[in-house]
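Before any comments, here is the structure.
The values are calculated or read from the model by the stated rules, or taken from the named source; none is laboratory data. Here the structure is a predicted model, which is why all the values come from computation and not from measurement. Ideal geometry is used to build each Cβ from the backbone, glycine not excepted, and the neighbour counts take in all protein chains shown. These accessible areas exclude ligands, DNA and RNA; they are computed on the full protein's heavy atoms, side chains included. Shrake-Rupley method; radii C 1.70, N 1.55, O 1.52, S 1.80 Å.
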Amino acid sequence: MRVWRRCMDAAGVRGSEARADYLKVAQFMQRREPAGYAAVRLLTPAHFQPHVLAGYAFASFTDDLCDRGTVAERTRRFDAWAGQIRAALDSGTTRHPLLRAFLHTSGLRDLPRRWIESYLDGARIDLDFPGFATEADYQTYVDRLTWPFLMITTGLAQPGGGTEQFARSCRLVADAGQRTDILTDLAEDLRDGRLYLPLDALAQHGVTRADLDAGSEAPGVRALLADAAGKAHDTLHEANRLFDELSEEYWPLMRFVLDLHHQRLETVVAMGGAVTRRPARDNPVACLRLLARARRPRAGRGHAPEYRPAGSTAGSAVLSTGEGTGDERAAA
């Protein structure tokens, strides 16, 4: 793991204020997403780490504003924050350190403003989430929120947002990741009164919202969950084409991300109806194995190997880390 100041050097982060901002980015992400922070620090090139973490810090901070309080409170906070973002984009300056770092990254990586605007517009959906009547409604959600989120984070790997083909490949990752999160967080969302599974998918399997709220183990519930997991698996396999569009220095992180989601989906299917009663959580030991697998060098170019289920020769996993200490030694 590279020392953080050397990563900032490699990323072109100059000046005491900018470097202090990126240190705050690292500390924020280490506290909020320790596993994701560790994966970035261990699996991505030094020059990319400050930028991708700045993207995630910006998006995560924005997401947090949409998740807490009443609808009126969330809307008021989000409107104020969105106004601050747009003012910063127009002026090129802001007093908020996380936003200032993201602005700096956006300039250095030539991120098209349209992805930031799309993300802000899409984030409004979660202020008072209405649910999805159909699969088409879900796909619109991915287009408006999940895809832009990915483009302002992992999508920073390609300066200028990359080619149209790169962006479409990123959408596959966004779609698969969203489908996975819907399943792993199903129990928590149901407790909060939200359902992200499309209603037409429930109807196809003869399942009602009441069945899910009751934690039913009915065959239709298990079939619904298995079908949803199967769609996510298929989309993850399609997303393997991203390896053809990224240089090899980005492959370890992509291997980790794709295999991590495959593994989470296996957990969901194994839990069956229980996933409506408790969230599917990662196994820390399996995380470490998956992290080690992602770091192993691969010969040649082309697609990474297809995911192998747990128990295969390669093994699978996800990672966990300790809490941050709030200083540069922790960030390093």
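A few notes on this one:
- Solvent-accessible surface of the chain, taken per residue with a 1.4 Å probe and all protein chains present: 44 Å².
- Solvent-accessible area of the chain (1.4 angstrom probe, protein heavy atoms only): carbon and sulfur portion equals 51 percent.
- D (Stokes-Einstein, µm²/s), Kirkwood Cα radius, region 149-288, 1.306 mPa s at 10 °C: 99 µm²/s
- Choice from Asp192, Asp110, Asp21 with maximal GNM fluctuation in the chain (Cα, 10 Å cutoff): Asp192
- Between 0 and 90 degrees, the angle of helix 34-43 with respect to the longest Cα principal axis of the chain falls at about 60 degrees.
- Computed over the chain: relative contact order in percent, which uses C-alpha pairs under 8 Å that are six or more apart: 20 percent
- FRET E, pair Gln84, Arg31, Förster distance 22 Å, beta-carbon r, rounded to 0.05: 0.50
- Treating r as the C-beta distance of Arg296 and Glu217 and R0 as 35 Å, the FRET efficiency rounds to 0.35.
- With one equal scatterer per alpha carbon and no solvent term, the Debye-computed log10 I(q)/I(0) for region 154-228 at 0.12, 0.16, 0.27 1/Å reads -0.45, -0.65, -1.27.
- Note on the chain: with a GNM built from Cα contacts shorter than 10 Å, the maximum mean-square fluctuation among Ala210, Ala157, Ala167 falls on Ala210.
- Sorted into 10 angstrom bins from 0, the C-alpha pair distances of region 123-180 split as 22, 52, 21, 4 percent.
- For the pair Phe129 and Asp67 in one chain, pulling the backbone fully straight at 0.36 nm per residue adds 21.3 nm over the alpha carbon distance.
- Longest stretch of the chain clear of exposed loop sites (GluC sites (Glu not before Pro), DSSP loop, at most 15 other Cβ atoms within 10 Å, sites excluded): 1-216.
- When the inverse distances between all different Cα atoms of the chain are averaged and flipped, the Kirkwood radius reads 20.6 angstrom.
- Potential extension, Ala136-Gln165 segment - 0.36 nm per residue separation minus Cα distance: 8.3 nm
- Relative to the dominant Cα principal axis of the chain, helix 113-123 is inclined by about 40°.
- For region 68-222, the average shadow cast by the Cα convex hull is 10.3 nm², which is a quarter of the hull's surface.
- Approximating the spin labels as points 7 Å out from Cα along Cα→Cβ, the Asp121-to-Thr93 distance works out to 3.0 nm.
- Label-point separation, Arg209 to His237 (7 Å along Cα→Cβ), nm: 3.4 nm
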